[in-house]
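Since the structure comes first, as structure tokens, the remarks are kept for the end.
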Amino acid sequence: MDNNNLVLIIVTATILAIILVIIVLNIIQSIKNKKYKKMLEGLEIEKNMLDSSPITPELNKVESFLNNEALSEKYEDWRERLENIKQKQIPYINNMLIEADYSVSKMDYKGAMYKIAKLEMEMYKVKSNSEVLLSEVKKITDSESENREKITNLKTRYRDLYNRFNETINEFGEASKYVTLQFENISKRFETFENAMDKNDYLEASSIVVSIKDMLEHMNVVIEEVPSIVLLSLTILPKRIEDLKKVHKEMLKAKYPLDYLNIDYNVKEAENKIQDVIERLKVLNIEDSLFELKVLMDYFDGVFKDLDKEKANKVTYEEVNKNFKIKLDSVNNLVDNIFEQINDVKDNYDLSQNDIKLLNDVKETLKTLNTDYNVLLTHIGNNTFAYSKLIEEIENLANRLIAIEDRLDNSLNAIGSMKDDESRARQQLEEIKIILKDAKYKMRDYSFPTIPNTYYVESEEASEAIKEIIKELNKKPINIATLNTRVDTARDLVLKLYANTKEMVKNARLAETAIVYGNRYRPLDENLDKSLSSAELLFFKGEYNKSLEISINALNKIDSGAYDKLVATYNNVMSDR
């Protein structure tokens with residue numbers, strides 16, 4: 001392909017592209033034009049609808065029954081507003097439509113869009129004005145049929161309410177005449193309505209319909225609430241007040257502390273409130289009356305509950321106070337007795353400083369408790385506090401008394417323990433003496449050739465330990481810890497002496513018996529003879545354990561059951577005794 005052909009192709013393609021762009025732009029322009037034209041056409045239709053609004057025909061209807069100044073003034077105002085819409089607002093919209101259409105024709109779409117938006121706002125404003133004006137006019141033109149329909153329904157409601165009132169008229173008491181008068185007023189309003197309708201005074205007729213409706217709604221509330229208001233304000237509450245005054249007077253006479261309930265003031269306020277409700281009832285002003293009376297009922301119910309609770313609390317308080325007084329007197333007497341004897345206790349026992357301080361603290365705490373209790377009794381005499389408060393106070397005092405008793409018990413236990421230890425020590429002293437005596441008597445069961453020195457040493461130690469017990473018991477004051485140590489030491493030494501004495505008697509008897517038993521074998525065995533001779537020497541020296549050991553060892557070589565035979569013989573002899 002030569003260069004000329006190539007250039008021709010490029011030129012042809014460029015021309016086709018330009019033509020295509022122009023066609024696309026024209027299509028887009030056409031679409032935009034159609035869009036804005038359609039929007040303007042819609043606004044044109046809305047403007048025509050405003051122009052053909054039925055306001056004028058409706059105003060013409062009103063013109064036919066202009067017979068009072070108020071309606072005439074309304075009519076003139078509506079005419080002026082309609083004239084403003086037709087002569088100013090709609091022409092202004094026409095001009096705006098023309099300007100927007102011109103902008104579209106000039107393809108000034110931005111300007112056209114701004115003018116269309118402004119046109120829509122103005123259209124909405126004119127449309128709202130027209131609708132408001134039409135509704136106001138139609139309220140008059142349609143008022144006859146509407147008012148007739150409404151008044152018919154109101155008359156039906158009036159009859160229903162009047163019948164309900166007559167069926168329960170006895171429940172209204174004195175208030176029935178006020179209700180009857182109000183029904184008469186409503187009946188007169190129906191007559192006034194008919195007069196207004198006869199004069200074509202539809203504005204007045206509409207206001208009368210509204211007033212009758214309000215009056216009937218009020219009468220519905222009256223018929224619902226007045227019987228209860230009459231019953232509460234004239235019968236139930238006065239009776240409750242009289243009952244309360246009577247009970248209050250009786251309880252004050254019985255010295256009940258009731259100042260905190262402020263009954264006199266509250267009763268006076270309640271009576272004033274009831275009187276106010278009764279006065280307002282005469283003009284059927286019952287707003288909040290039933291609520292206020294129910295609040296008063298709740299108050300009196302609560303007061304009676306408080307009074308019943310106060311009676312129950314008095315019984316509880318008197319019982320708690322009685323028990324507390326008995327216990328307090330008992331503790332007071334006990335502490336007095338302790339401190340009357342405290343010097344004797346100090347003389348008899350070596351009390352620690354802590355024990356004495358504890359007793360003094362208990363005494364001071366008890367003194368404070370007695371003072372607080374006397375203050376409480378003063379409040380009772382002055383009728384200052386409710387019994388519920390007095391119960392709290394007396395229970396608090398009772399808890400403090402329990403704490404004092406616990407501390408006092410600890411002190412008494414310490415002193416009582418000292419007395420018990422002293423008594424036990426004296427008893428054990430006698431028992432130890434008996435054991436020592438038995439140990440000495442045990443020595444007489446056998447004629448010892450020699451008594452070992454250990455016996456005298458142990459006997460002396462036991463006797464000295466007993467003397468130490470006696471010495472501690474004779475001290476004033478007694479140191480219980482030292483006394484207990486002395487008793488334990490003496491008991492251990494005496495028991496040791498008794499056990500050793502018993503064992504020594506047994507071994508001496510067995511040793512002697514073994515030597516006598518082995519004498520028959522002396523001629524037969526030289527070694528046995530030597531062993532028995534040694535045993536004899538030890539026996540007479542008082543070394544009975546060694547003597548028994550040597551003799552038994554020697555005999556076992558000849559007679560293997562010698563020891564068992566000797567023990568059996570010893571046991572038989574002891575049992576015979």
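Since every read-out is calculated from the coordinates, none of them should be taken as a lab result. Only a predicted model underlies this, so the values are computations on that prediction, with no experimental measurement involved. Cβ atoms come from the backbone with ideal geometry, glycine included; neighbour counts cover every protein chain shown.
Going from the residue with the fewest nearby Cβ atoms within 10 Å to the one with the most, Ser533, Ser551, Ser289, Ser447 rank Ser447, Ser533, Ser289, Ser551.
Using the structure shown, select from Lys367/Lys389; Lys38/Lys88; Lys496/Lys541; Lys440/Lys546; Lys245/Lys305; Lys37/Lys106 the pairs with a Cα to Cα distance greater than 19 angstrom. Walk me through the intermediate numbers first.
Numbers: Lys367/Lys389 23 Å; Lys38/Lys88 25 Å; Lys496/Lys541 22 Å; Lys440/Lys546 23 Å; Lys245/Lys305 15 Å; Lys37/Lys106 12 Å.
Flagged as over cut-off: Lys367/Lys389; Lys38/Lys88; Lys496/Lys541; Lys440/Lys546.
The simple spin-label model puts a point 7 Å past each Cα toward its Cβ; for Leu16 and Asp525 those points are separated by 15.6 nm. Run the paramagnetic zone check for Glu174: 7 angstrom along Cα to Cβ, then residues of region 258-296 with backbone nitrogen under 17 Å. In region 258-296, the label zone of Glu174 (backbone N under 17 Å from the point 7 Å along Cα→Cβ) covers 271-286. All C-alpha pair distances within region 185-317, sorted into 5 Å bins from zero, spread as 2, 9, 16, 14, 11, 9, 8, 7, 6, 5, 4, 3, 3, 2, 1, 0, 0 percent across the bins.
If you sort the three axes of the alpha carbon gyration tensor as a ≥ b ≥ c, you get a/c of 1.5 or more for region 255-304 and a/b above b/c, which makes it prolate. Ranking of Arg509, Arg157, Arg520 by neighbouring Cβ atoms within 10 Å, starting from the fewest: Arg520, Arg157, Arg509.
Sorted from largest to smallest, which semi-axis lengths in Å does the alpha carbon gyration tensor of region 158-257 give for its equivalent ellipsoid, taking the root of 5 times each eigenvalue? Mind showing how you got there, number by number?
On the way: eigenvalues 429, 34, 15 Å².
With the √(5λ) rule applied to region 158-257, the semi-axes are 46, 13, 9 Å.
Just name one of Asn185, Leu261, Ser211: the one whose Cα is farthest towards the positive end of the charge dipole of region 146-287 (beta-carbon charges, Lys/Arg +1, Asp/Glu -1). Positive-end residue among those listed: Leu261. Each of Val221, Val335 was scored by other Cβ atoms within 10 Å of its Cβ. Arranged with the fewest first, they read Val221, Val335.
By how many nm would the segment from Glu194 to Lys471 grow when fully extended, if each residue of separation counts as 0.36 nm and the alpha-carbon distance is taken off?
Values: separation 277, 0.36 × 277 = 99.72 nm, distance 13.03 nm.
Fully extending the segment from Glu194 to Lys471 adds 86.7 nm.
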